[in-house]
1. Give me the compactness ratio for the stretch 3-100, meaning the Cα radius of gyration over 2.2 N^0.38 Å.
2. On full extension of the chain, what length is gained from residue 8 through residue 22, given 0.36 nm per residue of separation minus the C-alpha to C-alpha distance?
3. Given 3, 75, 55, which one lies farthest toward the positive end of the charge dipole of the stretch 3-100, if we put +1 on the Cβ of every Lys and Arg and -1 on the Cβ of every Asp and Glu?
Amino acid sequence: MAAGGFSKLPNGTVVVALNLPRPAGDGPGTVRVLVHARNRARALTRLRNLGLRAVYLRGNAAPPTPDEITAVLHHPDGLLWRTDPATLVPELWHPIRALLKPSPA
């Protein structure tokens with residue numbers, strides 16, 4: 001489960017924002033993931049297909065900000081992440097591949 005929310009855009013698509021725990025082995029903390037898709041169900045399916053199986057969106061407690069919506073709309077994949085914005089160190093957005101890549105052995 002994850003805290004998060006969504007915003008419906010004028011063209012009918014949605015941007016879903018989720019706060020998720022970091023994948024195992026990548027350190028403590030949470031990440032903020034943004035997904036642009038046709039609807040909420042498809043956005044969650046995109047994440048589940050990448051291996052994030054236990055991703056659910058219940059409620060709209062933490063919808064994406066206008067800056068987050070702009071960031072995900074301007075990215076070709078429509079999938080971005082960064083460390084939780086509540087941390088003191090500001091960070092740029094990363095493509096989802098950077099979060100899910102296998103750690104070097």
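Values quoted throughout were computed directly from the atomic coordinates according to the rules given, and no laboratory measurement underlies them. Here the structure is a predicted model, which means the values were calculated and not measured. A quick note on method: Cβ atoms are made from the backbone with ideal geometry, for glycine too, and the neighbour counts reach across all protein chains shown.
1. Expressed relative to 2.2 N^0.38 Å, the Cα Rg reads 0.99.
2. Values: separation 14, 0.36 × 14 = 5.04 nm, distance 2.63 nm.
Contour length minus the Cα-Cα distance gives 2.4 nm.
3. Toward the positive end, the furthest listed residue is 55.
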